[in-house]
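Scroll down for the structure; my scribbles are underneath it.
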Amino acid sequence: MTAALTAAPGTVPVRLRSTSSDRIAWLALGAVALLLLVFLAAPLLALLLQSVQDPKGAFVGLANFASYAKSPTLWQSLWNSLWVSTLVTVVVVPSAFVFAYALTRSCMPGKALLRGITLIPLLAPTLLSAISLIYWFGNQGVLKEWLQFLGIRQIYGAPGIVLAEIFAVFPHALMILVTALSAADARLYEAADALGTSATRKFFTITLPGAKYGLISASLVVFTLVITDFGIPKVIGGNFNVLATDVFKLVIGQQDFQRGAVVALLLLAPAVLTYAVDHLVQRRQTAMLGARAVPLKPKRAPLFDALMTAYCGVVAALMLAMLGMTVFASFASFWPYNLKPSLRHYQMGLFDAEFGEGFVNSLRMAAGTAVFGTALVFLGAYLLEKTRAPALLGSGVRLLAMLPMAVPGLVLGLGYIFFFNAPANPLNPLYQTMTMLTLCTIVHFYTTGHLTAVTALKALDSEFEAVAASMKVPFWTTLRRVTLPLCTPTLIDVARYFFVNAMTTISAVVFLYSPETKVASIAILNLDEAGEIGAAAACATMIFAASAVATTVFWLLARLVERRTQAWKHGT
């Protein structure tokens, strides 16, 4: 029987008992909830418990916090993390806003190419930007004299962290701001023109208010990404300590798990705070486009278009310079004395440093994350949006699905140590396996995939499920024959997102690998620590190349699938 019957006008719908299809859907959603509880909530709880225990496991309350608070290194690292993150945010958000403004409000040529170049940092580990800066401005860098001219003694430390982070987080801010500026109603600008409003006043009274929520979100995202990043401070930070490197030193270097848990919770606090502020801001956001809105089409303005082209060209050139230097140095025989191209660093990385095994492991982990992560995310989103889940179960899964967005990868990985490495845990055999690395990566990037799937599902009319229920068709048949074909392009996008992030991630797995499961990004970190920066550059280049090839393959697959499953959109 169906879950509800359509009532006659003026009557109340009659709720009937749940069907076997409903109960199977609840069991499936319960399984998703169980996975998120075990691989997300439980590790975070273990981290919290570790912070209030002594090395023998006895409860000590806030003693670990009080002890660490007395150390001047805490306040120095905390201050360093805060001001560096703030400075990067202050630089990146306005810069990305101008770039996004050029893409959406000008008629400059080559928009697609310039936009594509800005996506380069997403295809490479954050270590690449740090390695590139060392070759540009390091002790044997090409432009090291420029630093002295600018009054900077060396690139190692805060200057290097700031510059590398600007490169790494720029595309994240740009994507948000392009979306914010794309939602514009041309009628507002036409009315302003009719009233003789100047361009400056239109910008401050129409454009900025319309994009303010995007600006706030971009600022919070950039701040969180910088304060929780581990790779860049580890490579180019030198003696400049931040919270992320403090966690690594305490856990790996000193085996001080209690104080490491304390710093991890401190690292978690700003991420949770920024997520809460962003959630509050989103609740207050109002729609900028109504049913009668007219899309804004930029008008040609030769001087303005030329200025925007020049600005975006400079930004794109800087992006290419960062990537290009790493690629060039990876082929240099012996930097800086013999720049003749050779494969020496690639041979060293692939064979001597066993990067080849790590690269294969990364491909395995990325493929597993893309396949199983996409399946889990889409199944969870479908069961939440298209079935009659009990209120308590549905609310719990929604909360768990959003939680990873506020949990830095370094914190999640540390929680996995405390939870899965416990001898009494029946899941202990998973520790340091490829399965563990894959599950951790899926959980780490779960929220973005979930939101993408939910957005696609909300665009589908609920009549599909209503008709299926009235015909006693189980939900899995509707899912297989209707929903999946319609949402296949979205599934490919989610799979691409999982694959690329799994190839480049460092912080989420830095605590969890073994010699047999070491991944490529960790191998780069080890090469840098060993002073083999040329081999590290070669390996970073290989990861970028693999991510670029995978992105192209996913794009081609999306085009092919769209032709086969989305023909109805084009009337064919």
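Each value in this text was obtained by applying a stated rule to the coordinates, not by laboratory testing. Bear in mind that the values here come from a model prediction, so they are computed numbers and not experimental data. No Cβ is skipped: glycine too gets one built from the backbone with ideal geometry, and neighbour counts run over all protein chains shown.
Treating r as the C-beta distance of S395 and K299 and R0 as 56 Å, the FRET efficiency rounds to 0.70.
With 10 Å bins beginning at zero, the pair-distance distribution over Cα atoms of the stretch 31-114 amounts to 13, 19, 21, 21, 16, 8, 1 %.
Test of the criteria: in the stretch 56-140, which trypsin sites (Lys or Arg not before Pro) are in a DSSP loop and have at most 16 other Cβ atoms within 10 angstrom of their Cβ?
On the way: sites: K56, K70, R105, K111, R115; in loops: K56, K70.
Answer by residue number: K56, K70.
Summary of the geometry: the stretch 228-270 and the stretch 145-213, compared by the centres of their Cα atoms, lie 31 Å apart.
Where only DSSP H runs of four or more residues are counted, the chain gives -21000 deg cm²/dmol as its mean residue ellipticity at 222 nm, each run worth -39500 (n - 2.57).
Around L208, what is the net charge, scoring Lys/Arg as +1 and Asp/Glu as -1 over all other residues with Cβ under 12 Å from its Cβ? Before the final figure, lay out the partial values.
Details: positive: R201, K202, K212; negative: none.
So the environment of L208 carries a net charge of +3.
Go through (i) 84, 72, 47; (ii) 114, 69, 49; (iii) 92, 61, 47 and flag the label whose value is the computed Cα extents along the principal axes in Å for this structure. Matching entry in (i) 84, 72, 47; (ii) 114, 69, 49; (iii) 92, 61, 47: (i). With the highest mean first, a sort of the peptides 364-373, 532-541 on other beta-carbon atoms found within 10 angstrom per residue produces 532-541, 364-373. Shown for the stretch 344-572 is the translational diffusion coefficient from the Stokes-Einstein equation, using the Kirkwood radius over Cα pairs, a temperature of 25 °C and a viscosity of 0.890 mPa s: 126 µm²/s. The calculated FRET efficiency for the pair A548 and A112, based on their C-beta separation and a Förster distance of 22 Å, comes to about 0.85.
Helices meeting the span-like rule in the chain (full DSSP H runs, Cα extent of at least 27 Å along the helix axis, mean Kyte-Doolittle score of 0.0 or higher): 72-105, 158-182, 208-228, 257-284, 302-331, 484-504, 533-565.
Provide the net charge surrounding V98, with neighbours chosen by a C-beta distance below 15 Å and charges set as Lys +1, Arg +1, Asp -1, Glu -1. Show your work: numbers first, answer last.
Numbers: positive: R105, K111, R115; negative: D305.
Taking every other residue near V98 into account, the sum is +2.
Apply 1/(1 + (r/R0)^6) to the Cβ-Cβ distance of L280 and F351, taking R0 = 56 Å, and write down the FRET efficiency to the nearest 0.05. That pair, L280 with F351, gives E of 0.60. Remark: spin-label model distance F372-S20 equals 3.0 nm, labels positioned 7 Å along the Cα→Cβ axis.
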